[in-house]
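Below is one structure, written out as structure tokens; comments come after it.
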Amino acid sequence: MKFMYRAGFSLGFAVVLSTAFGAKAQILSAKQIDSVAEKTLSTFNVPGIAVAVIKDGKLIHAKGYGVRSIKTNQKVDENTLFGVASNTKAFTAAALGMLVDEKKLSWDTKVVEVIPEFKMYDSWVTSEFTVRDLLTHRSGLGLGAGDLMIWPDSSTVDKKQLIYNLRFLKPVSSFRTKYDYDNLMYIVAGEVVARVSGITYEDFIESRIIRPLGMQKTAASWYRLKDKSNVIDGHAPYEDKLLTVGLSFGELANAAGGIYSSVNDMSKWVTAMINGGRYGNELEKKLFSPAVAKELWTPQTLINNGNPSSFSSYGLGWFLSSVNGKFQATHTGGLSGIVTQVTIIPELKLGIIVLTNQQSGAAFNSITSSIRDGYLGIKGMDRIKLYNDNRLRNEKEAKEIVDKTWSAIATAQKSAAAKPDVKNYLGTYKDAWFGEVTISEVNGKMHFQAKNAPKLRGDMTFYKGNTFIVKWYDRSLDADAFVNFSLDNNAKADGFKMAAISPLTDFSFDFQDLDFKIK
């Protein structure tokens, strides 16, 4: 497919400046950014991308490339709206910082003081859990724990149920000792914003941050957009084709990843962050104090990045690291069919925003790194080739694992060996926090249906022993899973556990945290 693009607002230009290392930085011109973006579209099969660059307080490049949806072929421009996904987390942290400025709470206020019903698996952790802990991915829970309550679609779980269910999620590490990315705690953080401010989280974000900054087309969620005439569809690759995908979750998860925005609007947010929360023609207005600005970008939780010569950590709503000797604040975001990246290098007063409507992280990394290299004086790096080589290698390894599994299934189906009686596995099963799953027989096949997550439905096929494979009807999920049954003394199933087949399965499919028991 040949991708088209529409010229947007662009004042990109080539500049040469000295870096701290004495190298000359060759900043990409507008045409060079265009070239990188167009090559990224075709290399990673991304329908549409929008890119913005902020330098020294000015928006010097804002432009769309490709199309909003393969269904309509309408072109992306600088005002096209994308789900920014987890880039919402920085807004949530900033909102709490504003309430800290107003002395309505502190970073170390205990969560139970605001939400008395808040309860973790361990009672001591519950009593010690602070607002700061909500934002720093150090709860002790595993990667993406509990995300199946909000993913991959509009779950029937409400906020009250979600907060109640936290008590059933078992920790995998000691409290405050290890980084594991977490979405649910940001949902709780949004509830703290609501209870302390007296208005909904969404109203706070829109009235206190989005509107003051002049982000006119932005809303706290897709559902709150006033004009949906210029919004993308998400896309997921499947068997060398692209599938359009719907929304990943409902209003419940807004504080973790709900905001929809454009590169034009997001540039205003990034500019305010570069300016320490200040905005306006003369920077005469402020969202939050210098103290809060400093706290947002202060390392809170160390991340082991395998490189002892540079640091990597999480602050409050931002990943913090050093890149070529310069401090960097960044975040990525991912929904079904959408991935995004915001990158700030404060010392250079540089901001880079990349929004895409396909779930290839290699795509936004290629563009961000190519632009950033120019400012840092890094030469000779073909970022598109680098990220594409890594992508192809990872996909090849994952395909080999998945193909081996399905080959074993094909062999088992042809085998004369006795296969288990399907009727021994039918029934309704329940996990403490995820809820019910029904295993039934439909049209001669075992069928899996999750009650609270409608998209998690599909046919089941015998694999080996007491293990089956569930193949989801929605192929854009790319998350087929093992279902391993346990048996009672009568050889009837009394529970099951799950695990993703592919190592590339999104971590928010936290199947490994489920423990179903027969009802």
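Please work out if Thr136 is modelled with pLDDT of 95 or more and either under 16 Å from the mean Cα position of the chain (by Cα) or farther than 18 Å from Asp506 by Cβ (or both). Yes, satisfied.
The lone criterion from (1) among the charged types (D, E, K, R); (2) surrounded by fewer than 18 Cβ atoms within 10 Å (Cβ to Cβ); (3) part of a helix (DSSP H, G or I) left unmet by Arg208 is number (2). Residues considered: Lys492, Lys464. Of these, the only one that is among the basic types (Lys, Arg), in contact (Cβ under 8 Å) with a residue 60 or more places away in the chain and farther than 23 Å from Gly142 by Cα is Lys492.
What residue, among those in the range 359-371 that are in contact with a helix residue (DSSP H, G or I) (Cβ under 6 Å, 6 or more places away or on another chain) and of a type in the set (A, V, I, L, M), is surrounded by the fewest Cβ atoms within 10 Å (Cβ to Cβ)? Walk me through how you get there before you give the answer.
Keep residues of the range 359-371 that are in contact with a helix residue (DSSP H, G or I) (Cβ under 6 Å, 6 or more places away or on another chain), which gives 360, 362-363, 365-367, 369-370.
From what's left, of a type in the set (A, V, I, L, M): 362-363, 367.
Numbers: Ala362: 21, Ala363: 26, Ile367: 27.
By that ranking, first place goes to Ala362.
Across the range 308-324, the qualifying residues are those that are at pLDDT 90 or above and among the small types (Gly, Ala, Ser), and the one among them that is surrounded by the fewest Cβ atoms within 10 Å (Cβ to Cβ) is Ser322. Looking at the range 108-159, the helices (runs of 4 or more DSSP H) lying wholly inside it that each contain 2 or more residues that are farther than 15 Å from Gly257 by Cα and among the polar types (S, T, N, Q) sit at 123-128. Only residues that are of a type in the set (Ser, Thr, Tyr) and within 28 Å of Leu166 (Cα to Cα) were counted across the range 432-475, and they come to 1. Being touching a strand residue (DSSP E or B) at 6+ places or on another chain (Cβ under 8 Å), free of Cβ contacts under 8 Å to residues at least 40 places away in the same chain and surrounded by 19 or more Cβ atoms within 10 Å (Cβ to Cβ): is that true of Thr356 here? In short, no.
The values are calculated or read from the model by the stated rules, or taken from the named source; none is laboratory data. Only a predicted model underlies this, so the values are computations on that prediction, with no experimental measurement involved. No Cβ is skipped: glycine too gets one built from the backbone with ideal geometry, and neighbour counts run over all protein chains shown.
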